[in-house]
Structure formats: structure tokens, C-alpha cells
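K.L.:
Quick one: structure below, then a few questions.
The values are calculated or read from the model by the stated rules, or taken from the named source; none is laboratory data. Bear in mind the structure is a predicted one, so any value in this text is a computation, not a measurement. Note that we place each Cβ from the backbone using ideal geometry, even for glycine, and neighbour counts take in every protein chain shown.
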Amino acid sequence: MSSVTLIDAINLALQYEMEQDPNVVLIGEDIGLNGGVFRATQGLQEKFGENRVIDSPLAESMIAGMSIGMSTHGLKPIAEFQFMGFIYPAMNQIISHACRMRNRTRNRLTCPIVFRAPFGGFIHAPEHHSESTESLFAHIPGLRVVIPTSPERAYGLLLAAIREPDPVLFLEPKRIYRLHKQEIDNNGIALPLDTAFILREGSNITLISFGASIVETMQAAQELEQYNVSAEVIDIATIKPIDFETILSSVEKTGRCVIIHEAAKSCGVGAEIAATIAEKALTSLLAPIRRITGYDIIMPYYKMEKHNMVSTTKIVQAAKETMEY
Amino acid sequence: MQDYNEMLQFLDKDGKLSDDAPDIAHQFDTLLKLYKAMVTIRTFDHKAIALQRTGKMGTYPSILGSETVSVIAGAVLDKNDVFAPYYRDQGTQYLRGVTLTEMFQFWGGDERGNNFHNCKYDFPCSVPIASQALHAVGAAFALKHHGKNNCALVSLGDGATSQGDFYEAMNAAGALKLPVVFLICNNKFAISTPIEKQTFCKTLAQKSIAGGFDGLIVDGNDPIASYYVVKQAIEKAKKESIPVLIEAITYRLSDHTTADDALRYRTQEELDNAWLKDGVNRLKNYLIKNSIINQHDVENILSDAKTEVKEAVEKYLQIQLQDVEDLFDYHYANIPTILAEQKMELKNV
């Protein structure tokens, strides 16, 4: 057991799987000697060499496209994009090839790739470094999109993502990379994908979130106790495909639901969750579903970005209004 | 080896062989096999268009005019090399082992046509232009990583050389010293856009300078020069573990696809002149001139090709439709609940 941060847990999982599986290779910009801009791959090139921790030229489409060719031919690449805002040049490779290869060759060629990228705002970074555009990817058939929110889940879900025989986009909430430490056992045990985690049980209202917003969501649940509101908190963890079984059984129990995410509201992951609850559990609802999300705006530069962030206050207020409906 | 501006040619359009022609010019067994494959592909191509015209196949991009270099690349590659084709490279695919039935099936709107049974590690042809170049680079990395003395060959059209992925692939293949052969089939047109509007570069071969490696130009309708250059490039890539680029000059004698009408943007006269340089006829005349085949053999070769294509068409037309389950079952190894539900939904319609 060791006490580690979320970013340390990622490093541990990478290291564990590289030791176990010689076909696991890392590719990305500045991931070698430099250890990646957030240090996720620190020490790995020293340990596994330049042929397994590849400092790539600076070209995102190339990182994705090469990963495809590596994965169809026996390797298991883990590709790092430095920031989510820089993935877009690789979209063609991800959508048109990585996610389609299995289907278009009827299982002949497959792409077991993990695309890693830090995402989300509030680290006072320059523009393009604070994006939350995960729902773009949740729309792509053939892809899984996984988001850890604690060191333990970062470790277990990354191992699961690497072992998955299909492409996984692993989005890391960089705001909480080093927020807190957690004891984890470096035992190589993976957590299940396609599975939501109930972080807190409650009986009056279900708060559903993922990514860094889990922090404010958990704080809100705590605060709601003062008002005698028992909130259940679900970290959906895999946003493509979403574990609706866990969500629906919680909402059927509580009858109330607030969905929280940092990304823009329209066509966000919250819209999919709300629509599915409406389709499958409408009669269980005692109040309209609420969404606390970022606005449909371009992420502001850092001096004003706090206005586009979800906050404990906003969540508590929405939950109280839902209770009083 | 390199010259970014001069086109290598040994057998000219009038059938004259230059004095310095390499050994392949006299390896008539090989040349005869190449000729037969070219005739088969030309016959296949003709039939594919006919099937499209009669509603039995979808939109199809004819390879007419580029069979020579396409077939040659397939003949020269080793079975364990990796091929990443663009969508107009039926000749290489055929010699790699993709069956004519599989090709009909793919262009006939059936994913199973990409499930190559004889060349399991080749990529299906890529429709998004130049994207396949990066797959070749990744595959070459994997080959090298696993200690294999093989290369990846990616084919591209001239239009592909304007794409970012093309440059990214060349740059990475150079930087990582990977055995990749970039084979550009310059058939002078990207749909309607002529090469003169595609680039200000004098040649496409010179684009390899940006990647730091050799770029060669060859007459893609000259079977002797094409064979020589493709073989040299593949050997060099493997021996030195570096990329090589080839620009093969051909001419698209067909429309872009069955949905196109090339006379909107080029003249009949230009087309007629291009036919005079055709590689398949050039090889036929060369073989006749050297008494390897006579007119009677030419007819037999065509007749054999027609039989082979006819059998492939019959097989293609007999293939049953896929089950609706198949629309869902190949997206993931572990099928998500939501997809399983949607599959049931469609089955219950």
C-alpha cells in the first residue's frame, strides 16, 4: 500500500502493465526524458527504454494514426495527447479508423489503443488548455470514454482500459491530478469499465457527475445534510457507454435527480442521461431533472473562467429547489 | 539512387528498350505473370463498372491506366510486409491475395469484403485521403519493434500529397527511421483537380525532401522501370530501415468513379493521347516482340481472365445478406448493454 495522487496512480498503472505486457508501448510528445508535461510518464523511459516510451514528433493526427498501425500489428499503444484541446487534429484518425477498424474488417484487424488526455478547466492555463468536450467523443460508435475521479479509480480504470481489446479515450481531470492522496494497493487489479460507481448512498436525491466536478458534487452532498437531505452521488466514470442500470435504480429510489458536469449544457452527457431517465423512469420522478453544467460558451480565459465552472453553491441550490418542487 | 526531377524509364511508349535496362527486362516468366495479372485486373475493372451500371454494385473507382505499377507493387512485396492501400489499388490488393470476390463485395456495400482471408494483416483500402499513410508508419514501427525484416508500403494518389497526414507520416517515418515505402500513383487527377492545381512543386518526389529521405520518379506505365524502382525502394527500406518515396507517373484513363464524368474537365484528345502510353499494352507488345507470346496467347490470356472474373462475379452475386445482428456485433469485443438493447430493438421492428 502506498499513498498516491491521481497522477501518481496513472504512472503506477502504466508501469505495472508495461512490466506485465511487453507489447504495451507509450507514444506522445515529451513523454520520455521529460516524463510528460504533467509527469504522468515520469521515469518510464529510463526503465523501459526509448523503444517502448516513444518521444514522438509534434503532430496529433500522427500520434493517433501511428497508434492505429501499431495496434493492428501486435502492439498495445498508449498515446498521450498533452491537452484535450489538442486532440482535434486527430479526430479523423480516431473516428474514421481507430473506432471503425474492427467493424469494417469484421474483427480481422482491431485497435486496442488507450488515448490519454488531461481535460477540464480551472488550472489558470492559456487558451485551449481547459476544454471539456468529452461529449464529442461519447457520440462515436466503437469508442469507450473513461474518466477517473480518484487515485484508486485512476489506477483500476486505466488498467482496465489498457486490457480492453478496443480503443478507449481515457480523460484525466487535471484539476484534481494532485488534489488529494489515497492509499492504493499496486496489485494490478482492474476496475470494471462500463460501470458507474456509487460514491455516497442517499435516499432523497441522486446527484450524477463525473470528472473534476465530482469534488463539488460530494461537497454539495455533505452540505445538503444540514437541510436533512440525503443525497446519493454517482460517478458515472464511463461516459461511453453509460451504466444506466445504476443510474435508473438510484433515480427510481430517490425520485429526484441533478446532473452535474463542467462541459457545455447543450448535447452534453447530461442531456443523454436526462433523456434516458425520461424514457425509462419518468413515472418515478417527483420533480423535473436539473442540470448544473458549464454554459454553451467558449471556455473563458482564466481570469473569468470561474463563472463557467460548476460550484457547490449552484449544486446545493438546484438540489434544494428540486426537493421543494 | 535519388533524383527528384528525372523520370526513370527503360521501356518507352513505343516499345523501345534502353540499353541500360536492368535484368528484369529479360526475366520473361515474371513479366508474363505480371501481364496476366494486369489483364485480370483490367477485366475485373471493366466488369465492376458494368455491375455498377446495372445496379448490382455501388459506386466504384476504376483503376484503368494505373494497373501496371499497381500490379508490380503487389508482385514485389513480401508476404509478411504490410500493405496500406488507397482506394484505387486493386492490382496490388489482387496480388497480395485479396480475392476478386472480396473486392466486388467491398464495392458492393458489404463490410465482409474487407475480411481478407489470404492477407490477414493488410489494411483495407482507406477512403479518407492519406490517412492510411500513418497506419503504414505505425505498422512499420510494430514490425521493427518485433525484430522483423519487413516493411510497410502505403499507396496514395497525387491528391493525397496535399494532405497533412501525408506530411506527418513522412516526417514521423523519417524521424523514427522506419521502413516505409510511400508509393504515390500520380495519375494526374484528384477527381477533377489536375496536378498543376494541386501543387506548385515541380514533382511530387521532391516532397520527400521534407521527410529527409530519397524520392524517385518512375514511369508507372513502364513495367521494367516500375519493377526495378519498386524493388529497389523496398530493399533499401528494409536494409537501411528508412523510408523511401516513389512517384509513379500514370494517367487516369477512366472517370474518377462511376459517379463522375471526366469529359467535364478534360478533353477527348488528351485522353486519346494518354492511351498511347498505356502500360498494359506496352507490356503486351514487348512480350510479343520478344516472342514470349503471340496474338493467339493474348486472346487466351484475356479469355482466362474473363473466366476468372466471371466466376468471382457468380460467387459475389450468390452471397447472402448479413444478419441484422452483424450491424452491431463488430463494434466492440465486449458489447455494451446499450448496444445489445438497440440490437434487440431492431430485431423486433
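K.L.:
Could you list, in sequence order, all residues of region A:164-223 that are acidic (Asp, Glu) and loosely packed, with under 15 Cβ neighbours inside 10 Å?
P.N.:
Matches in region A:164-223: A:GLU183, A:ASP185, A:GLU201.
K.L.:
In addition: Please name all residue pairs, on different chains or six or more residues apart, with Cβ atoms under 7 Å, provided the first residue is in region B:195-208 and is over 12 Å from B:ALA160 (Cβ atoms) and among the aliphatic types (A, V, I, L, M) and the second residue is modelled with pLDDT under 95 and assigned to a loop (DSSP other than H, G, I, E, B).
P.N.:
B:ALA205/B:TYR4
K.L.:
Something else: Of the conditions (1) touching a residue at least 60 places away in the same chain (Cβ under 8 Å); (2) over 14 Å from the mean Cα position of the chain (by Cα), A:ALA237 satisfies every one except a single condition; which number is it?
P.N.:
(2)
K.L.:
Let me confirm something: among B:LYS197, B:LYS238, which residue is more than 20 Å from the chain's Cα centre (by Cα) and farther than 19 Å from B:THR161 by Cβ?
P.N.:
B:LYS238
K.L.:
Give B:ALA169, B:ALA160, B:ALA190 a once-over and let me know the one that is small (Gly, Ala, Ser), modelled with pLDDT of 95 or more and over 16 Å from B:SER66 (Cβ atoms).
P.N.:
B:ALA169 is the lone residue from the list that is small (Gly, Ala, Ser), modelled with pLDDT of 95 or more and over 16 Å from B:SER66 (Cβ atoms).
K.L.:
Filter region A:246-269 for residues that are touching a residue at least 40 places away in the same chain (Cβ under 8 Å) and out of contact with any helix residue (DSSP H, G or I) (no Cβ under 9 Å at 6 or more places or on another chain) and give the result.
P.N.:
A:THR246, A:SER250
Quick grid of which residues meet (1) within 16 Å of the chain's Cα centre (by Cα); (2) closer than 21 Å to B:GLU308 by Cα; (3) surrounded by 19 or more Cβ atoms within 10 Å (Cβ to Cβ):
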site: B:ASP12; (1), (2), (3): no, no, no
site: B:LYS16; (1), (2), (3): no, no, no
site: B:LEU31; (1), (2), (3): no, yes, yes
site: B:LEU34; (1), (2), (3): yes, yes, yes
site: B:THR40; (1), (2), (3): yes, yes, yes
site: B:HIS46; (1), (2), (3): no, yes, no
site: B:GLN52; (1), (2), (3): no, yes, yes
site: B:TYR60; (1), (2), (3): yes, yes, yes
site: B:GLU67; (1), (2), (3): yes, yes, yes
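K.L.:
Now a separate question. I'm told A:ILE95 meets every condition in (1) away from every other protein chain (no Cβ under 14 Å); (2) assigned to a helix (DSSP H, G or I) except one. Can you identify the failing condition by its number?
P.N.:
Of everything listed in (1) away from every other protein chain (no Cβ under 14 Å); (2) assigned to a helix (DSSP H, G or I), A:ILE95 misses just condition (1).
K.L.:
Name the one entry in A:LEU171, A:LEU193, A:LEU199 that is more than 23 Å from A:SER2 (Cα to Cα), among the hydrophobic types (A, V, I, L, M, F, W, C) and assigned to a strand (DSSP E or B).
P.N.:
On the way: A:LEU193 fails: assigned to a strand (DSSP E or B); A:LEU199 fails: more than 23 Å from A:SER2 (Cα to Cα).
Only one candidate qualifies: A:LEU171.
K.L.:
Separate question: Suppose we filter B:ASN149, B:ASN171 for residues that are under 21 Å from B:ASP214 (Cβ atoms) and surrounded by fewer than 19 Cβ atoms within 10 Å (Cβ to Cβ); which single one remains?
P.N.:
The conditions single out B:ASN149.
K.L.:
Hey, among A:VAL229, A:VAL215, which residue is of a type in the set (Val, Ile, Thr) and farther than 21 Å from A:GLU152 by Cβ?
P.N.:
A:VAL229 is the lone residue from the list that is of a type in the set (Val, Ile, Thr) and farther than 21 Å from A:GLU152 by Cβ.
K.L.:
Within region A:189-208, can you find the residues that are under 22 Å from A:GLU225 (Cα atoms) and without any contact (Cβ under 8 Å) to a residue 60 or more places away in the chain?
P.N.:
Listed by number, the residues that qualify are A:PHE197, A:ILE198, A:LEU199, A:ARG200, A:GLU201, A:GLY202, A:SER203, A:THR206.
K.L.:
Would you kindly identify the helices (runs of 4 or more DSSP H) lying entirely within region B:207-312 that contain at least 2 residues that are modelled with pLDDT of 95 or more, closer than 24 Å to B:ASP78 by Cα and among the acidic types (Asp, Glu)? Let's see the steps before the verdict.
P.N.:
Values: elements: B:223-240, B:268-275, B:279-289.
Output list reads B:223-240.
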